[in-house]
Amino acid sequence: MSDAKRLILILGDQLDLQGVALKEFNPSSDELIMIESSEEATYVWSHQAKIAIFLSAMRHFSEELRSLQYPLTYIKESPLSIIDILKNQLIEKKINCLVCVEPGEWRLKKAIEQLVEELKISLVMYEDNHFFCTHQEFREWASNKKELRLEYFYRQMRKTHHILIDADGEPEGGQWNFDQDNRKPYPKKGPGMVDGPIQFQPDQITLDVLAYVKNNYKDHPGSLEYFNWPVTRAQALEGLQYFIDYRLRNFGVFQDAMWTKTPFGWHSVLSTSLNLKLLNPREVINAVLGAWKKYSLDLSTVEGFIRQILGWREFVRGMYYLDMPKMAEDNYYSHTRALPKWYWDGHTQMACMRDAIGQTLKYGYAHHIQRLMITGNFALLAEILPSEVCDWYLAIYVDAIEWVELPNTAGMALFANGGRFTSKPYIASGAYVKRMSNYCDTCPYKPDVRYGENACPITTLYWNFLIKHRAQLEANPRSRLMTANLSRISVEDQRAIASHAHKILDNLNEI
Ligand code: FAD
Ligand code: SF4
């Protein structure tokens, strides 16, 4: 047995006893370390609930490790950075080898690599075992593709892992994708009774964390009043079971629907548990497959949900590690405007933005379509600098970790990488918001009015975007159809739209 002393670093989003670094634990040579660093909460100005969920989940996990007699150093409430603390500990403990799982943020991965080089010690960095697709597999898949598209990746994942594949090797139900069935708005009268997510009673650890965050991060955005996030594996499992039993049945059909006072819709609210590794995506998919038979659920719902986890989640992770660090710098449209101030406080007259941002500040949560087609759509149409938008998403959502936030924001919502993995920009006018929600009913703006006094800013900016980028969109067969309706708008009206859009863009803080 070698006399190498190893330190195993467990990061705040690696809270699984079955994680690969812990599986490799050797009691004769290894110690563990976990670090609470305030820099992690301030390098983007994080939502208070995001800070709280990480700290509470980390402290609960540390208790679990201690109860299992792991030799753990837990650094609490430190003002230093993770790297500075790690450096001190590696020197003090005379460590020869740092062991960790690959961080979900590029900057931290690079900083750790630099640190071990500086200290001339060795590094064992395992790939995270909480994903179906390894980096190597993703690189191989991407290497011979002309276009990197979710659909083809997802089909391959279904086949490789034999999920929703019938006895003849064909997709269950005869088709790969039931997306068309999963885009319905709520009925005109509204969603009716929606069973909210499961409620958790905060224990003493969570109460202490909430008090600490309230005192120490009072100028950070968001509220702690509604904090109801699972912070242990046991709670995460309860959350999963609750979703399976009460909410999954309606997930599919209303996946894209939005409605006031319905912040969670029928969504699973499982992203924090998955991202902190309190849940493994394999057990989530197995639970959904089990419920399909047990509750005779529609295949479209089951497929729709599995596509999010086995498809999108794996795909964006693959893209992040394939395209970093460039992904963080891309700015295809050369947008430079500052993020309007009301993204941080919700004080805008636009009812859709006010609702999506308002619930985000309350809970640290908005569902996918709110993130993509409300806040994301506006940020693209309003020509905001992508890095400012990405920082906002990273700060404000409780489930935000860069590997999943950045590809969704820069790649999907902002088209900042010029369509590396999407065929065309995801943009919409107020007409889409009107169709998919009741937001427009109480808005001072009118979704169908393109310019002038009551014009919906989203509609004005949508047409302005099409006018501005018409030549480019039409040059590409995949986006050619986007401008078809422009020919029905007179040249005078197009001028009026562009002029009104100018006024909006120059006064983004005032709308
Ligand atoms: P559900 O709608 O119930 O979906 C089930 C699960 O599928 C989610 O928990 C999530 O793990 C996975 N999933 C669904 N869509 C995606 C997707 N596009 N990419 C990756 N996983 C997906 N998700 C994050 O986890 N962290 C983020 O920081 C994040 N930032 C986003 C930023 C933008 C601009 C957009 C458009 C999407 C972002 N997403 C992010 C994806 C998605 O919006 C969230 O995963 C989802 O809203 C979380 O809520 P839920 O658990 O109720 O999801
Ligand atoms: Fe949003 Fe426009 Fe509808 Fe108002 S009118 S809610 S700004 S889409």
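With the charge dipole of the range 6-126 set up from +1 on Lys and Arg Cβ and -1 on Asp and Glu Cβ about the Cα centre, the Cα lying farthest toward the positive end among the listed residues Val44, Asn96, Leu7 is that of Asn96. Placing +1 on each Lys and Arg Cβ and -1 on each Asp and Glu Cβ, with no other charges, gives the range 135-323 a dipole about its Cα centre of roughly 280 debye. Apolar share of the accessible surface for the chain: 50 percent from carbon plus sulfur atoms, 1.4 Å probe.
Here the spin labels are modelled as points 7 Å beyond Cα on the Cα-Cβ line, and at Leu207 and Asn286 they lie 3.6 nm apart. For the chain, the dipole from Cβ point charges (+1 on Lys and Arg, -1 on Asp and Glu) about the Cα centre works out to 1280 debye, to the nearest 20. Surface exposure of the chain, expressed per residue as accessible area with a 1.4 Å probe, stands at 43 Å². For the range 6-126, the relative contact order is 34 percent, taking Cα pairs closer than 8 Å that sit 6 or more residues apart in sequence and dividing their mean separation by the residue count. Here the Karplus curve 6.51 cos²θ - 1.76 cosθ + 1.60, taken at θ = phi - 60°, turns the phi angles of the range 339-346 into couplings of 5, x, 4, 5, 4, 8, 9, x Hz, with x standing for Gly and Pro. Estimated at 0.36 nm per residue, the fully extended path between Arg480 and Asn509 surpasses their Cα-Cα distance by 7.2 nm.
Please work out whether the chain counts as rounded, prolate or oblate from its C-alpha gyration tensor, where a ≥ b ≥ c are the square roots of the eigenvalues and a/c under 1.5 means rounded, while otherwise a/b larger than b/c means prolate and anything else oblate? It is prolate, given that a/c is not under 1.5 and a/b is the larger ratio.
Pairs with C-alpha atoms separated by more than 25 Å, drawn from the list Lys23/Lys277; Lys50/Lys218; Lys188/Lys468, are Lys188/Lys468.
Extension gain, Met193 to Ile467, is 94.4 nm, computed as 0.36 nm per intervening residue step minus the present C-alpha separation. Between 0 and 90 degrees, the angle of helix 233-242 with respect to the longest Cα principal axis of the chain falls at about 40 degrees. For the range 216-302, averaging the sequence separation of C-alpha pairs within contact (under 8 Å, six or more residues apart) and dividing by the residue count gives a relative contact order of 33 percent. Please compute the contact order of the chain in relative form: average sequence separation of alpha-carbon pairs under 8 Å and at least six residues apart, divided by the residue count, as a percent. Taking the mean separation of contacting Cα pairs over the length of the chain, I get 16 percent. Separation of the range 63-96 from the range 229-306 is 35 Å, based on Cα centroids.
The values are calculated or read from the model by the stated rules, or taken from the named source; none is laboratory data. Remember, predicted model here, so these are calculated numbers, not experimental data. Using ideal geometry, Cβ is built from the backbone for each residue, glycine included, and neighbour counts are taken over all protein chains shown. Accessible surface areas use protein heavy atoms only, side chains included; no ligands, DNA or RNA. Shrake-Rupley method; radii C 1.70, N 1.55, O 1.52, S 1.80 Å.
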